[in-house]
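The values are calculated or read from the model by the stated rules, or taken from the named source; none is laboratory data. Please read these numbers as outputs of a predicted model, since none were measured by experiment. Glycine gets a Cβ as well: all are built from the backbone with ideal geometry, and neighbour counts include every protein chain shown.
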Amino acid sequence: MTIDEKQEEIISEFEFLEDWLDKYQQIIDKGISNKGVEEKYKTDEHLIEGCQSKVWVYAEYKDGKVYYQGESNTDIAGGIVSMLVEILSGHTPDEILDAELYFIDRIGLKEHLSPTRSNGMLSMVKQMRMYAVAFKTKYEE
Amino acid sequence: MAIDIQKIRSDFPILERKIYNKPLVYFDNAATTQKPQCVVNTIVNNYYNCNANIHRGVHFLSQQSTEAHENARKTVQNFIGAKNSNEIIFTRGTTEAINLVAHSFGISQCNDGDEIIVTQMEHHSNIVPWQLLQQIKDIKLRVIPFDEKGVLQIDQLEKLINKKTKLIAVTHVSNALGTVNPIEKIIKIAHSQDIPVLVDGAQSAPHTPINVQDLDVDFYAFSGHKVYGPTGIGVLYGKEKWLEKIPPYQGGGEMIQNVSFEKTTFNELPFKFEAGTPDYIGSTALAAALNYVSEIGMQNIADYEHELLRYATDKLTQIDGLRIIGESPQKSGLISFLVGQIHPYDMGTILDKLGIAVRTGHHCAEPVMKAFNIDGTIRASFAIYNTKEEIDILASGIERAAKMFRK
């Protein structure tokens, strides 16, 4: 599936949830079932320090594609990072860097992209793109 | 005297707002309180009708503006029972007031090796200014600990005091735990050894009557915005003898008598500590706020908020898995709590979606969180316009949110 196909899939999961709490329940459930980050990578080096929630993001480069792992100590930030991982994992650095993450707006999470929000979604996206840039520089140029 | 809460609520336009289509339940009052119409009107009226820079103006508006600012100082003086209005210094808030003392008292009264005593439950703004002083003077910070209920272990104080103790700087009310500290006792103990005391009144001035002369406190600081006034204005009270003794904090206009490149002489109190154009609009709006609460009566406010605290404590402790952080028998109107393993951020986010504004996190008191071995709490803090019905909404909101997370 392309990045956009995956975004559409997530949007369709949220489409019929009109109530805010139902939307959050969906995010929380994703956070709870999130596979997380392998214990050995859950280090300060991979920590994105938001104001209140801790989020770890780790990535590996295999056969030209980037594979992410993400985890948080809060269920909501955990749900958000798991969606980002789901959408961006398994794609080339170029695909990741070219991706426009419109699902955030479409599922009503745009407010979380503001730099002042404490869950640090913006930092998560930035960090994931940084990995793509780094792998591209290291392996592809 | 019974107070008319509905009448009071109608004085605060923001309380009519809907948040995500739900009526706003505002329980973040320890961070800042909402403003009554009279405070907003004062700001608007002053800018529309009475705006001119104060002091030394020959023109009518300047004199009127100066009078309003100096009257505001007298209002503050009366509000906290100070002896003279020149003991009232306008600052940007509690933080600036403490920084002023840490700097001016610190550089003039402390020598290398001296000690300052604080408590384990200080807000960062009563820790960091002293650490900045440590970059100038080789002073030591000694800390009065609290017990598992969040009660200050006052018996430790006498052990911490020694010949090198220069100042005791304590919070009156903990913003993270709600604990009311026995500052009368602390001041008596300190004065018996000739040690001055600074009280951080950010969480007490809005909630209980304060009389600095009865307390015999040497410095008392509070913020305007937490007592229904505007942001950016606060107060440092200092006994005249101390304010005379310590040097200015910042230099500029207003605070000088004569300036030459060889020598500058400083203005008298309180102007010595008010460099630059003061927030004269803010000061008059603060006075409006203080008049507003004085009219309701600070004791009435204290009694009513206590009733809210009792009600909320009863209600919240019935919730499965909820534990209160800070169980001092002497508490102000705020409750810090956790529910099961739910992260405060998660709980706060869902409560927000229900229209309930609480604060989550470490509340700028990381040493408190460390003592309880937690990352943070959810804090509901009350003000004069809150109601028991709102506490019911909070309680059912917590129960509803709790069901959404993993246990």
Just name the residue that is surrounded by the fewest Cβ atoms within 10 Å (Cβ to Cβ) out of those in region B:125-144 that are touching a residue at least 40 places away in the same chain (Cβ under 8 Å) and in a helix (DSSP H, G or I).
B:125
Just the residues that are assigned to a loop (DSSP other than H, G, I, E, B), buried (at least 16 other Cβ atoms within 10 Å of the Cβ) and of a type in the set (D, E, K, R), please, taken from region B:238-274.
B:239, B:254, B:274
For region B:339-358, which positions are farther than 20 Å from residue B:311 by Cβ and either touching a helix residue (DSSP H, G or I) at 6+ places or on another chain (Cβ under 8 Å) or without any contact (Cβ under 8 Å) to a residue 12 or more places away in the chain (or both)?
B:340, B:342, B:343, B:345, B:346, B:347, B:349, B:350, B:353
Counting only strands (runs of 3 or more DSSP E) wholly inside region B:148-237, the ones holding at least 1 residues that are acidic (Asp, Glu) are B:197-200
Can you tell me which of B:399, B:390 is in contact (Cβ under 8 Å) with a residue 24 or more places away in the chain, charged (D, E, K, R) and within 14 Å of chain A (Cβ to nearest Cβ)?
B:399
Evaluate region B:306-313: report whether one residue or more is away from chain A (no Cβ under 14 Å), modelled with pLDDT of 95 or more, surrounded by fewer than 22 Cβ atoms within 10 Å (Cβ to Cβ) and over 27 Å from residue B:205 (Cα atoms).
no
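Residue-wise test of (1) surrounded by 15 or more Cβ atoms within 10 Å (Cβ to Cβ); (2) touching a Gly at 6+ places or on another chain (Cβ under 8 Å).
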position: B:4; (1), (2): no, no
position: B:40; (1), (2): yes, no
position: B:84; (1), (2): no, no
position: B:94; (1), (2): yes, yes
Identify the residue in region B:333-373 that is within 12 Å of chain A (Cβ to nearest Cβ), more than 24 Å from the chain's Cα centre (by Cα) and of a type in the set (A, V, I, L, M) and, among all such residues, is surrounded by the fewest Cβ atoms within 10 Å (Cβ to Cβ).
B:354
State the number of residues belonging to region A:39-48 that are surrounded by 12 or more Cβ atoms within 10 Å (Cβ to Cβ) and free of Cβ contacts under 8 Å to residues at least 40 places away in the same chain.
4
List pairs: first residue in region B:106-124 and in contact (Cβ under 8 Å) with a residue 60 or more places away in the chain and farther than 27 Å from residue B:376 by Cβ, second residue basic (Lys, Arg) and part of a strand (DSSP E or B) anywhere in the structure, Cβ distance under 9 angstrom, at least six positions apart or on different chains.
B:109/B:166
Scanning region A:77-91 for residues that are over 8 Å from the mean Cα position of the chain (by Cα) and either buried (at least 24 other Cβ atoms within 10 Å of the Cβ) or not hydroxyl-bearing (Ser, Thr, Tyr) (or both), which turns out nearest to residue A:120 (Cα to Cα)?
A:77
Among the residues of region B:340-381, the number that are charged (D, E, K, R) and either in contact with a strand residue (DSSP E or B) (Cβ under 8 Å, 6 or more places away or on another chain) or in a loop (DSSP other than H, G, I, E, B) (or both) is 4
Top-ranked residue in region A:49-64 [being away from every other protein chain (no Cβ under 14 Å) and among the charged types (D, E, K, R); ranked as surrounded by the most Cβ atoms within 10 Å (Cβ to Cβ)]:
A:60
